[in-house]
Amino acid sequence: MKKLLILLFSLFFFSSPSVIADDISDFQIEGIKIGDSLLDYMTKDKILEKIESNKEMFPWLNEPNKYAQISLGKDFPVYVDGVSVLIKNNSTNKYLTDINEKYTILFVGGRIPYNEDFDGCIKERDQITKIFSGMFPNAKKTESFFNHSVDPSGNSIVDGVYFDFDSGADIDAYCTNFDETFRSKKNWSEGLNVSISSAETTSWMRDYK
């Protein structure tokens, strides 16, 4: 229970005493929320370096380079596997001139490791989504179980719960369970992923080839 409370504290900041929410404006992961500037967390040169190194991360999408994923590292107390964000990909959106638009965070996601403990991950996810259900009574709740697109063997899975808002934004909580041979080869971890996504990045991530 203590772990769950710490996790929830890292997720939410409320500007009002109400516990019912209809949008994502007051929600954060490790103090980071949609609309923040990535320049508050790293330099412009470092951002451009990471954009270049993370090219082609989303080959299964129709516009794989429209947005860029930037990792903020693993120095976080709750999401010890790291926090990542999405911004517009400045290398492909050269028409952007407004610095705020260039570096505005449009998605925040964090991961807690549950390596070889898929049941533990699902238990934690279910506790969180139960609370989400009470907080977001007007959001559309969807459950989904599918093969992870990064593993061509088809032996890696994603089991998630998704809360969609009328605005098009969403909040997700899902567990990944990679095939152990695949995971070892990639030197990846697996576990609980929680993310907050703006309407535009939600639409982009759901536009498969």
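Across the stretch 23-56, the number of residues qualifying as of a type in the set (A, V, I, L, M), at pLDDT 85 or above and in a loop (DSSP other than H, G, I, E, B) comes to 2. Does any residue of the stretch 108-129 turn out to be surrounded by 16 or more Cβ atoms within 10 Å (Cβ to Cβ) and farther than 18 Å from ASN193 by Cβ? No; the residues of the stretch 108-129 include none that is surrounded by 16 or more Cβ atoms within 10 Å (Cβ to Cβ) and farther than 18 Å from ASN193 by Cβ. The C-beta contact set for the stretch 31-45 (first residue surrounded by 12 or more Cβ atoms within 10 Å (Cβ to Cβ), second residue hydroxyl-bearing (Ser, Thr, Tyr), distance under 6 angstrom, 6+ apart or interchain) comprises ILE34/SER198; SER37/TYR103; LEU38/TYR103; LEU39/TYR103.
Among the strands (runs of 3 or more DSSP E) lying completely within the stretch 144-209, list those that include at least 1 residues that are surrounded by 16 or more Cβ atoms within 10 Å (Cβ to Cβ), in contact (Cβ under 8 Å) with a residue 40 or more places away in the chain and of a type in the set (S, T, N, Q).
Per the criteria, 170-177, 191-197.
The values are calculated or read from the model by the stated rules, or taken from the named source; none is laboratory data. Only a predicted model underlies this, so the values are computations on that prediction, with no experimental measurement involved. Cβ: placed from backbone, ideal geometry, glycine included. Neighbour counts: every protein chain shown.
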